[in-house]
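Here the structure comes first, spelled out in structure tokens, and everything after it is commentary.
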């Protein structure tokens with residue numbers, strides 16, 4: 001991080017906005033670029049972590065209290081993933097409530113994947129309320145290594 | 001609405017201090033789990049979302065009216081760089097003061113699908129007694 005970056009006068013409002021954003025990014029770190037010890041504010045339920053290696057795209061979400069049969073996971077058009085489900089409300093008879101923080105009801109979220117994946121080889125696992133999805137990257141989207149020949 | 005001469009004392013949340021979190025913690029960051037807490041005529045029930053915590057990794061204590069829960073999260077493979085990072089992974093910790101007298105011998109807890117449920121049965125002394133009125 002360069003603390004002593006020279007200040008450049010901005011010419012338009014957009015330059016000024018971009019510069020402001022860059023400065024904020026320098027101070028707080030860019031969203032998504034660091035390990036989620038300081039997660040970005042999730043706007044949708046469920047919150048999802050997404051990462052990839054050369055072969056696979058990994059998606060993980062915390063879905064406590066949801067059975068696998070209550071979940072519907074679909075890959076749309078090779079590069080979108082949709083997770084749909086519902087969590088039953090806890091409705092005890094004759095109860096005085098002190099805290100009710102756990103969300104219930106229907107949810108649906110569709111996210112864009114960074115590359116296209118092989119939809120029929122997607123693996124999903126639900127373990128102790130943690131959903132992990134492995135999506136193999138389609139061969140066409142994998143990077144091709146170019147060998148440079150010396151002459 | 002019923003008239004309540006004596007207000008029921010609700011369970012209150014206790015702040016986590018370094019002293020009560022640190023010895024059990026296995027991760028750098030400790031999260032506050034979401035809970036549902038309610039009282040029925042027989043018991044106080046707490047339900048807590050602890051995704052990624054196995055039953056044997058839950059440290060549950062009930063001591064002098066204080067219920068403390070600590071869930072050690074099972075480490076799972078994580079990358080160094082995320083494409084999209086929306087939540088962090090770490091232990092869960094929370095504690096509550098339960099002002100109702102609890103029968104400590106009948107405490108029960110279970111985990112299912114990453115949800116911890118704790119049953120705190122009220123002591124016979126504090127349960128409301130129904131009085132049958134006889135006609136004469």
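The values are calculated or read from the model by the stated rules, or taken from the named source; none is laboratory data. Computed from a predicted model, the values in this text were never measured in an experiment. Positions of Cβ are generated from backbone atoms using ideal geometry, with glycine treated the same way; all protein chains shown enter the neighbour counts.
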Please enumerate the residues belonging to the stretch B:100-116 that are in contact (Cβ under 8 Å) with a residue 60 or more places away in the chain and either surrounded by fewer than 14 Cβ atoms within 10 Å (Cβ to Cβ) or under 19 Å from residue A:126 (Cα atoms) (or both).
-> B:111, B:114, B:115, B:116
Where residue A:87 falls short, out of the listed (1) buried (at least 17 other Cβ atoms within 10 Å of the Cβ); (2) without any contact (Cβ under 8 Å) to a residue 60 or more places away in the chain; (3) facing chain B (nearest Cβ under 10 Å); (4) in contact with a strand residue (DSSP E or B) (Cβ under 6 Å, 6 or more places away or on another chain) | (4)
Can you confirm whether the stretch A:135-144 contains a residue that is surrounded by 12 or more Cβ atoms within 10 Å (Cβ to Cβ) and at positive phi?
-> no
Selection count where residues are within 13 Å of chain A (Cβ to nearest Cβ), part of a loop (DSSP other than H, G, I, E, B) and either within 19 Å of residue B:63 (Cα to Cα) or under 14 Å from the mean Cα position of the chain (by Cα) (or both), scope the stretch B:90-136 = 4
Flagged in the stretch B:44-89 as surrounded by fewer than 21 Cβ atoms within 10 Å (Cβ to Cβ), facing chain A (nearest Cβ under 8 Å), modelled with pLDDT under 90 and not in a strand (DSSP E or B), in numbering order, are B:74, B:76, B:78, B:79, B:80, B:81, B:83, B:87, B:88
Give just the number: which of (1) under 28 Å from residue B:115 (Cα atoms); (2) modelled with pLDDT under 90 does residue A:71 not satisfy?
-> (2)
Restrict the check to the stretch A:129-136 and report whether at least one residue is more than 14 Å from chain B (Cβ to nearest Cβ), part of a loop (DSSP other than H, G, I, E, B), over 30 Å from residue B:41 (Cβ atoms) and touching a helix residue (DSSP H, G or I) at 6+ places or on another chain (Cβ under 6 Å).
-> no
Could you list, in sequence order, all residues of the stretch A:93-119 that are within 11 Å of chain B (Cβ to nearest Cβ), in a loop (DSSP other than H, G, I, E, B) and surrounded by 14 or more Cβ atoms within 10 Å (Cβ to Cβ)?
-> A:95, A:102, A:104, A:113, A:114, A:115
